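Here's the structure, in C-alpha cells; my notes come after.
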Amino acid sequence: MGALGKPIILMVAMYVFIKFVLPNIPGSAPLPSSLIALYLLLTGSGIVIFQTLSKESKDAFWGPMQRFLTGENLGGLQALRYGVLILFPLLVGWQTYGSTAVSDLPPIESRTIHPAPPGEYTGLSNPVAKTPDNIMQGKGFYAAYCSPCHGGNFDGKGPAARGFVPAPANFADPTTIAMLQESYLFWRIKKGGVGLPIEGTPWKSAMPRWEVELPDEWIWKIIMGEYDGAHQSPRTWE
Amino acid sequence: MKPAIQIIGQILRGGISVIVAIMVGGATISFAQESVSVRATLMTGGVPVDDPSAAAWSSAPPATFPMSPQVHWQNRIQEVTVKDVIVRALHDGNQMAVLIEYADPTQDPDDAAALEFMVGDKKAHFAHGQPMLQVEGGPVNIWFWKNKTDKGVDMSAKGFGTLKPQEHQDVKAKGAYSNGTWKVVFSRNLSTGHPEEDVQITPGQFISIAFAVWDGRKDGAGELVEKGSQKAVSSWWYFRADAPPDYSGYMYAAIAAALALGFQFVLIRKLKKGQ
Ligand code: HEM
C-alpha cells in the first residue's frame with residue numbers, strides 16, 4: 001500500500017468519473033475508448049511524475065526542467081515558459097477534438113482480389129488444343145468482347161475502362177493471370193463479377209458474366225489468347 | 001519500490017513526447033487525406049428543389065465521377081458522349097436535392113439522366129441490382145429524368161427487365177441547358193413512407209449512389225444512338241447528407257485541456273514545494 005494505494009484509488013476514481021458520470025452530463029455522450037485511454041494516461045503520468053519528483057527532484061535531468069517549469073531565476077525565458085504552459089493544454093485539447101470529430105471519409109471496403117473459386121472450378125484443364133489457330137481465334141474473341149475494358153494491349157486500359165471501380169484487371173501485370181490457373185480464369189470469365197463471393201464485393205464489379213453469351217469452348221480459346229497476348233503463362237502447380 | 005517507479009516515470013515521459021509527436025503528425029495526415037463522394041451540404045431552408053441554376057449550389061462542394069460506355073451487358077455501346085459528371089447536393093434536414101452537371105454539345109428531346117441508389121441493408125449490383133450468385137442482393141431505386149417531359153420518375157429495379165415506375169412518385173426533377181452543359185436537379189424528401197422501394201437518407205450515413213446519362217442524339221438514319229442499356233454509366237460511389245453539427249467534440253477538448261492544465265498546475269506546485 002502506501003506509495004501505490006493513493007494513485008490506484010485516484011485512477012479508479014478518474015475512470016469511474018469518465019466512464020459513468022461524464023456521459024450523464026447533459027449534452028455529452030459516452031466517450032470513445034481511445035479518449036478514455038488518453039485521459040487516463042494523462043492522469044496516470046501526472047501521478048507517477050509527482051511521485052518520482054518528490055523524491056528525485058535533484059535529478060540532473062529534472063533540475064533544469066524544474067527551474068524552467070517553476071520559473072525561478074528564468075529571466076528572459078519567462079515568456080517562453082508561459083508559452084509552453086499555455087500551448088501544452090491547447091495541444092492536448094486540439095488533439096482530443098481531432099480524435100472525436102466524426103470521420104468525413106467514406107467507409108473503407110476491403111476487397112479480396114482472388115477469392116477461392118467454387119469447388120467445381122478447381123483443377124480443370126483447358127480442353128482446347130494449343131494450336132496457333134486456336135490461339136488466333138481466342139485473340140479475335142478477346143478483341144471483340146474483352147478489349148473494350150481490358151484493353152487491346154491487355155493492360156486494363158480499354159476505352160470503356162475509365163468509369164469502372166474496381167478497374168478492369170491488367171493482364172500484363174504479374175499479379176493477375178500469371179498467378180492464376182486456367183481453371184480459375186474459366187470460373188471468373190464464365191460467372192463474372194456477380195459470381196464472386198462476398199469478400200470479392202461482387203456488387204461493384206463490371207466484369208460480365210460471359211456464360212450468358214459465350215460457349216465454353218470460346219472461353220477456353222479466349223484464355224489461351226489472353227495468356228499469349230499478355231506474354232504470361234498460367235500457374236500450373238497445385 | 002523507488003527504482004520501479006522511477007523507470008515507469010521515465011517510460012511515461014518518453015511516451016508523452018511520442019504521443020505529442022503523433023498528435024501533431026496525425027493531425028496533418030488527416031488533413032491531407034481526400035476521397036471522392038457526394039456530400040449533401042446542410043443548409044437552412046430553401047433547398048433549390050427545382051432550380052438547377054440557384055445561387056445556393058455554389059455552397060455545395062462539387063465531386064467529379066468518370067463514366068464508361070455500357071459494355072457490361074447486351075445491347076452494349078462502345079462510345080458515349082458523356083465522359084464525366086459533376087455532382088453536388090444540398091439538404092435542409094427535410095428535403096434534399098442533387099445537381100448533376102455534364103457536357104453535351106447538343107440539346108435533344110431524348111437527352112436523359114438518372115441517379116441510382118441502393119435500398120435497404122442488402123448490397124445491390126450497380127447494374128440495376130442484377131442477381132449475384134453467392135450474395136443475396138437488394139433492390140435499387142432509380143430516379144430518371146428526360147428532357148422531353150422534364151420531370152422525375154421514381155423507379156425500382158432488381159435485375160434486368162424489372163425496371164418500372166413506382167406506384168408512389170416521390171421524386172422531382174428539372175433540367176436546364178446552356179452553353180453545351182446540362183444541369184439537372186433531382187429532389188425528394190430525405191425519407192419516404194416506403195423504405196422497401198425508396199432509398200432512405202439518414203444524415204451522417206454513407207449510401208451507395210451511381211449515375212447514368214443518355215445523349216439523345218440521332219445517327220444518320222434518324223435512330224437514337226443512346227437509349228435504354230446504351231448509355232454512359234458509373235460505378236457505385238458514396239453519397240452522404242451532412243449531419244447537423246455536433247459540438248460534443250469541443251466539450252471533450254475542453255476537458256482534456258483542463259486536465260492538462262491541472263496537471264501542469266499540480267506539477268509546478270509540487271516542484272516548488274520540493275525545493
Ligand atoms: C453496367 C450497368 C448497367 C447496365 C448493364 C444497364 C442495363 C440496362 C438495360 C438492359 C435496360 C433496359 C431495361 C431493363 O432491362 O429493365 C436499362 C434501362 C435503364 N437503365 Fe440501365 N443499366 C446499367 C446501369 C444503370 C444505371 C447506373 C442507372 C441509373 C443511374 C440506369 C438507369 C436506367 C434507366 C432509367 C433505364 C430506362 C431507360 C429508358 O426507359 O429509356 N442504368 N439499363
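Using the Cα gyration tensor of the stretch B:56-137, with a ≥ b ≥ c the square roots of its eigenvalues, what is the shape: rounded (a/c below 1.5), prolate (a/b larger than b/c) or oblate (neither)?
It is oblate, given that a/c is not under 1.5 and a/b is not larger than b/c.
At 222 nm, what helix-only mean residue ellipticity would chain B give, in deg cm²/dmol to the nearest 500, using -39500 (n - 2.57) for each DSSP H run of four or more?
The per-residue figure over chain B is -7500 deg cm²/dmol.
Once ligands and nucleic acids are excluded and a 1.4 Å probe is used, how much of A:Ser125 is accessible, expressed in Å² to the nearest 10?
90 Å²
What does the accessible area of B:Met67 come to, in Å² to the nearest 10, when a probe of 1.4 Å is used?
Result for B:Met67: roughly 0 Å² accessible.
Looking at chain B as a GNM with Cα springs under 10 Å, which of B:Lys183, B:Lys164, B:Lys231 has the largest mean-square fluctuation?
Highest fluctuation among the options: B:Lys164.
Roughly how crowded by other chains is peptide B:62-74, in terms of the mean Cβ count from those chains within 10 Å of each of its Cβ atoms?
5
Excluding the sites themselves, what is the longest stretch of chain A that contains no chymotrypsin sites (Phe, Trp or Tyr not before Pro) in a DSSP loop with at most 12 other C-beta atoms within 10 Å?
Here the longest segment lacking exposed loop sites spans A:62-236.
Using only Cα atoms, tell me the angle between helix A:5-16 and the longest principal axis of chain A; keep it within 0 to 90° and round to the nearest 10.
With both axes taken from Cα atoms, the answer is about 50 degrees.
If I build a Gaussian network model for chain A, linking alpha-carbon pairs within less than 10 angstrom, which residue out of A:Gly225, A:Gly193, A:Gly83 has the largest mean-square fluctuation?
For chain A, modelled as a Gaussian network with Cα springs under 10 Å, the answer is A:Gly83.
Using Cα pairs closer than 8 Å and at least 6 residues apart in sequence, work out the relative contact order for the stretch A:112-238, in percent.
34 percent
Would you please calculate the Kirkwood hydrodynamic radius of the protein assembly as shown over all C-alpha pairs and express it in Å, rounded to one decimal?
27.6 Å
Just counting partner chain Cβ atoms within 10 Å, what average do the residues of peptide A:191-203 show around their Cβ?
6
As I understand it, the value is the acute angle between the Cα axis of helix B:2-32 and the longest principal axis of the Cα atoms of chain B; what does it come to in degrees, rounded to 10?
That works out to roughly 30 degrees.
Which residue, chosen from A:Pro132, A:Ile9, A:Ile108, occupies the Cα position most advanced towards the positive end of the dipole of chain A, where the dipole is computed from +1 (Lys, Arg) and -1 (Asp, Glu) charges on Cβ about the Cα centre?
A:Ile9
Is the C-alpha gyration tensor of the stretch A:119-230 telling us rounded, prolate or oblate? Criteria: a/c under 1.5 is rounded; beyond that, a/b larger than b/c is prolate, otherwise oblate.
It is oblate, given that a/c is not under 1.5 and a/b is not larger than b/c.
What accessible area per residue comes out for the stretch B:109-193, rounded to a whole number of Å², with a 1.4 Å probe?
That works out to 43 Å² for each residue.
About the Cα centre of the protein assembly as shown, how large is the charge dipole given +1 on each Lys and Arg Cβ and -1 on each Asp and Glu Cβ? Please answer in debye to the nearest 20.
Computed about the Cα centre, the dipole is about 2540 debye.
Taking the Cα centre of the stretch A:119-230 as the origin, how large is its charge dipole in debye, to the nearest 20, when only Lys and Arg (+1) and Asp and Glu (-1) carry charge on their Cβ atoms?
300 debye
Relative to the longest principal axis of chain B, what angle (0 to 90°, nearest 10) does the C-alpha long axis of helix B:248-274 take?
10 degrees
Which residue, A:Gly152, A:Ser205, A:Ile219, has the largest displacement toward the positive end of the dipole of the stretch A:119-230 when charges sit on each Cβ (Lys, Arg +1; Asp, Glu -1)?
After comparing all options, I get A:Ser205.
Within the set B:Lys123/B:Lys227; B:Lys183/B:Lys231; A:Lys191/B:Lys231, which residue pairs have Cα atoms separated by over 21 Å?
Beyond 21 Å between Cα atoms: B:Lys123/B:Lys227; A:Lys191/B:Lys231.
The values are calculated or read from the model by the stated rules, or taken from the named source; none is laboratory data. Being a predicted model, the structure only gives us computed values, none of them experimental. No Cβ is skipped: glycine too gets one built from the backbone with ideal geometry, and neighbour counts run over all protein chains shown. The accessibility values were calculated without ligands, DNA or RNA, using every heavy atom of the protein model including side chains. Shrake-Rupley method; radii C 1.70, N 1.55, O 1.52, S 1.80 Å.
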